[in-house]
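Values in this text are rule-based calculations from the coordinates and carry no lab data. These numbers come from a predicted model, not from an experiment. Note that we place each Cβ from the backbone using ideal geometry, even for glycine, and neighbour counts take in every protein chain shown.
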Amino acid sequence: MRLSVFYDHILEAHGQSGKSIPEILQVCHSLGIDGIEIEYTLFSKNRESITSMLSGAGMSVSCFYEFYQFQKNSDLSWAKQMLQTAAELKVPRVLAVPGALEAGDAAELCACSGTYEAVCHFMDNHPGVQRIRQALSGLASCGGSLGVTVTLEDFDGFMQPFARMNQLLWFMRNVPGLRYTLDMGNFAFSDEDVVQAAELLKDYIVHVHCKDRAVNPYVHGTNCRGLGPSPAGGGYIPVEDLILTLKKSGYNGYLAIEHFGAPDQLSFIRQSADFLRKCT
């Protein structure tokens, strides 16, 4: 398994530490990190400089991600440009965050998400979800022809119809070629069991975000004990157990370090990388 880190964390560490971006990339490389996860819009605006800095540090892009509103707008031109760029740079995976629902519809979906059958009934009959499905189908097909895998993650939001395990399973079964990015920390947002979810979706996992969560003594959910950032291995998410299960299943892709909002990104990156190297 290989390690990557979100480029946003590099920028945050730059602002927090005063170190230059190339210096921080060199530190990351020394920690065994050779990839970055980066929003495609940000990359496209700064492609030449970012590519140069990555090359200088011996690193590359491990995954592009991008936000869309496919529930409203079916234009795939920008998303297809992302796929084309990924193919050119040999980026194996992209992550689409394809849209959201209106508050009332999101609440209705949340209320019925405990069973796959109820989720199917909602998703099959919701126009916005169907537009998202159609857009993802087009992207997955395009990605397949370019050798780039399109993925969907368990998003930590109230409005997204792909935050919970049964919702994700519906997308996996209804979008040919779509695959799953396991975000270890995001099922806590929906108070679902990440171990159960990973087992349910194991056949679709091609990319992993190693997001841990810090314990908050005032949060007492069934599976959620807090949503604050933590270095991997420093919180309550069973990161090591999940990696062991992934290894047994033959997973050999990236483990992406993710902790948005960390007060000291460089320290968190060091701790996460040290822990993940020991796990692999």
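The residue list 188, 198, 214 contains one member that is in contact with a Cys (Cβ under 7 Å, 6 or more places away or on another chain), hydrophobic (A, V, I, L, M, F, W, C) and over 22 Å from residue 61 (Cα atoms), which is 188. Taking the stretch 152-173 as the range and being under 15 Å from residue 66 (Cα atoms), not in a loop (DSSP other than H, G, I, E, B) and not charged (D, E, K, R) as the test, only 152 passes. Within the stretch 236-269, being over 23 Å from residue 200 (Cα atoms), crowded, with 20+ Cβ neighbours inside 10 Å and of a type in the set (Gly, Ala, Ser) holds for one residue alone: 262. Residue 74 falls short on exactly one of the conditions (1) under 23 Å from residue 274 (Cβ atoms); (2) loosely packed, with under 14 Cβ neighbours inside 10 Å; (3) touching a residue at least 12 places away in the same chain (Cβ under 8 Å), and that condition is (1). Within the stretch 135-151, residues that are closer than 19 Å to residue 73 by Cα sit with their Cβ atoms under 6 Å from residues that are part of a helix (DSSP H, G or I) and not β-branched (Val, Ile, Thr), at 6+ positions apart or across chains, in these pairs: 139/79; 142/80; 142/83; 150/139; 150/140; 150/143. For residue 2, the conditions (1) within 15 Å of residue 257 (Cβ to Cβ); (2) out of contact with any Phe, Trp or Tyr (no Cβ under 7 Å at 6 or more places or on another chain) all hold with the exception of (2).
Do we have residue 11 as among the aliphatic types (A, V, I, L, M) and surrounded by fewer than 16 Cβ atoms within 10 Å (Cβ to Cβ) here?
The answer is yes for residue 11.
Highlighted here are the helices (runs of 4 or more DSSP H) found entirely within the stretch 19-122 that include at least 3 residues which are under 13 Å from residue 7 (Cα atoms) and in contact with a helix residue (DSSP H, G or I) (Cβ under 9 Å, 6 or more places away or on another chain): 21-30, 40-45, 47-57. Listed by position, the strands (runs of 3 or more DSSP E) contained in the stretch 182-246 that have at least 1 residues being more than 18 Å from the chain's Cα centre (by Cα) and not acidic (Asp, Glu) are 212-214.
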